[in-house]
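Read through the structure below, which is laid out as structure tokens, and then see the notes.
The values are calculated or read from the model by the stated rules, or taken from the named source; none is laboratory data. All figures in this text were calculated on a predicted structure; none of them were measured in a lab. Glycine also receives a Cβ, built like all others from the backbone with ideal geometry; neighbour counts cover every protein chain displayed. Please note that ligands, DNA and RNA were not included when accessible areas were found on the heavy atoms of the full protein model with its side chains. Shrake-Rupley method; radii C 1.70, N 1.55, O 1.52, S 1.80 Å.
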Amino acid sequence: MGTERLDTEARREQIVQAALGLIARDGLNQLSMARLARQVGLTPSALYRHYESKDAIIEAILSQMRGMLLTNVNVVCRETADPVERLHKLLFLHVKLVRENEGLPRVLLSQEVYAGHPERRRMLYENISAYLGKVAKIIEEGQRQGRIRGNAQPDVLSVMFLGLIQPAALLWQMSEGEFDVTAHVKKAWKVFRETIAVSSGASEQDGDTAPNPQ
């Protein structure tokens, strides 16, 4: 029974990843259950046993996005106790997430996700708010440690932090990879670090090289 459950979860994950791939290539409007079934090598009836509709797949994508974002926070909190370095590592894990899941920005920007679906809009808002809340807690810890300036509101800094990557991710996708999102974020991190850090306590190299996300 346990093996069967794992196989089912693995198949559901495969379907979500395939859906993101189709969305990245052709847009959300072109996603259909028939195309998705062909992509993963299932009959439509087999696909419907895992997800009852396209709406269910979109909701699974939004749920997975929340999980990936919060998992990244947990990873950096385990790797280092330095709040500034946590932010640094988290930023580049976010870049990695975007690069490996190209369909996510399209889902976030597609009107089809929200039109007539206020519950989805709310779900996405809560997902992003949960992530920003975790980032704000890292910033608060940095302020308690005297590593981050105490005269700035953590919730404001958390939104600024997200702004280091989201517009760049959009430009990267719109340019089909021509815009160098990683190079941009390296430069943006330097500016952000200089803005929030109390001193040069953060490593001089952390703005020049992306940390290993492994």
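Within region 162-198, the residues that satisfy the criterion of being touching a residue at least 40 places away in the same chain (Cβ under 8 Å) and small (G, A, S) are A169, A197. Within region 78-107, restricting attention to residues that are without any contact (Cβ under 8 Å) to a residue 40 or more places away in the chain and touching a helix residue (DSSP H, G or I) at 6+ places or on another chain (Cβ under 7 Å), the residue that is most open to solvent (accessible area, probe 1.4 Å) is E79.
Restricting attention to region 45-71, the residues that are within 17 Å of L124 (Cα to Cα), open to solvent by 60 Å² or more (accessible area, probe 1.4 Å) and modelled with pLDDT under 95 add up to 4. I'd like to know if region 15-24 contains one or more residues that are closer than 25 Å to I139 by Cα, in contact (Cβ under 8 Å) with a residue 40 or more places away in the chain and either of a type in the set (A, V, I, L, M, F, W, C) or open to solvent by less than 60 Å² (accessible area, probe 1.4 Å) (or both). Among the residues of region 15-24, not one is closer than 25 Å to I139 by Cα, in contact (Cβ under 8 Å) with a residue 40 or more places away in the chain and either of a type in the set (A, V, I, L, M, F, W, C) or open to solvent by less than 60 Å² (accessible area, probe 1.4 Å) (or both), which makes the answer no. Of the residues making up region 189-210, those that are at pLDDT 55 or above and either surrounded by fewer than 18 Cβ atoms within 10 Å (Cβ to Cβ) or among the β-branched types (V, I, T) (or both) are K190, V191, E194, T195, I196, A197, V198, S199. Condition check: of a type in the set (F, W, Y), modelled with pLDDT under 95 and surrounded by 13 or more Cβ atoms within 10 Å (Cβ to Cβ). Does F179 satisfy that? Yes.
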